[in-house]
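The values are calculated or read from the model by the stated rules, or taken from the named source; none is laboratory data. Small disclaimer: the values here were computed from a predicted structure and weren't measured. Counting neighbours? That spans all protein chains shown, and the Cβs are built from the backbone with ideal geometry, glycine included.
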Amino acid sequence: MLQANTVDEVITHLDNIIDWSKERQSRIGYFAILYRKMTAAVRDGIQNNSFTGSARMARLDVIFANRYLQAWDAYVNKKPCRNAWCAAFDAAEKKNLIVLQHLILGINTHINLDLAIAAAQSCPVDKIHELKSDFEKINSVIADLTQSVQDTLAQIWLPMRAINKISDKQQDAVINFSINMARKVSWSNAVALAKCNEEDKNNYIEKMDTNVVCIAERVKSPGLLMSLMLAIIRIREPKSVPAVIDILLK
């Protein structure tokens, strides 16, 4: 089972997943790149004492990351993993989704499922409330990096830039996903999980998993009009997965 014990080890494992994805031309690497950037930003924040509890944040970051690392490891080795991650990883085989949709599918599972579970695990019962400020900062890092990647894609692929203007840059509406809403739901779930006994916790996580899969389906199939708009972007995106990976790594 793939396991990281420090934030630096998380980054090393993510680098390996990115290399694996590039070699196998797998779109799984798209989210891995975004997550690698997020982890590096959190590491820098820990080193600069940007969080209220640096040691606690480092522990949360590792627990959080291991959920993704272990899901990827289970998936590629054809072992059971959460339905939400299966939905995101299965989508990597689809050529009809734009890069941003692949990124959001990963973000959806990681925020709406993994972050809440990791937060409750690292700060059980009433300790969870001590985490709220840093929890919000992690979500802000994810949102800022997602916007940065989106802006980079818009500079390279003109159709996305045009659609940005048409939709007033409201990609949340385009792909039926809001990071701001996700963080609110995730925090509510974290608080609930922190106070659950083990049996109730497992049942609660099963329901979360089901809900995340439903969101993933909406991201993949956002409706006729939005799908037509996204198709314009998809036509102009590079067909080479390694080429997209190189762009995202910048």
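Some notes on this structure:
- Test: residue in the range 202-213 that is of a type in the set (Lys, Arg), closer than 23 Å to ALA182 by Cα and within 22 Å of the chain's Cα centre (by Cα): yes
- Residues within the range 1-28 that are modelled with pLDDT under 95 and not in a loop (DSSP other than H, G, I, E, B), tallied: 0
- Summed over the range 195-245, residues that are acidic (Asp, Glu), part of a helix (DSSP H, G or I) and touching a helix residue (DSSP H, G or I) at 6+ places or on another chain (Cβ under 8 Å) total 2.
- Residue list for the range 60-94, restricted to those being among the charged types (D, E, K, R), touching a residue at least 24 places away in the same chain (Cβ under 8 Å) and more than 18 Å from ILE142 (Cα to Cα): ASP73, ARG82, GLU93, LYS94
- Here PHE31, PHE51 are screened, and the one residue that is at pLDDT below 90 and in contact with a helix residue (DSSP H, G or I) (Cβ under 7 Å, 6 or more places away or on another chain) is PHE51.
- Residues being more than 10 Å from the chain's Cα centre (by Cα) and free of Cβ contacts under 8 Å to residues at least 60 places away in the same chain - total across the range 108-120: 1
- Scope the range 1-33; condition within 25 Å of ARG56 (Cα to Cα), over 18 Å from the mean Cα position of the chain (by Cα) and among the polar types (S, T, N, Q); matching residues: GLN3, ASN5, THR6
- Any hit, the range 52-59, residues being assigned to a helix (DSSP H, G or I) and under 14 Å from ILE107 (Cβ atoms): no
- Counting only helices (runs of 4 or more DSSP H) wholly contained in the range 65-158, the ones carrying 1 or more residues that are modelled with pLDDT under 95 occupy 99-109, 116-122, 132-156.
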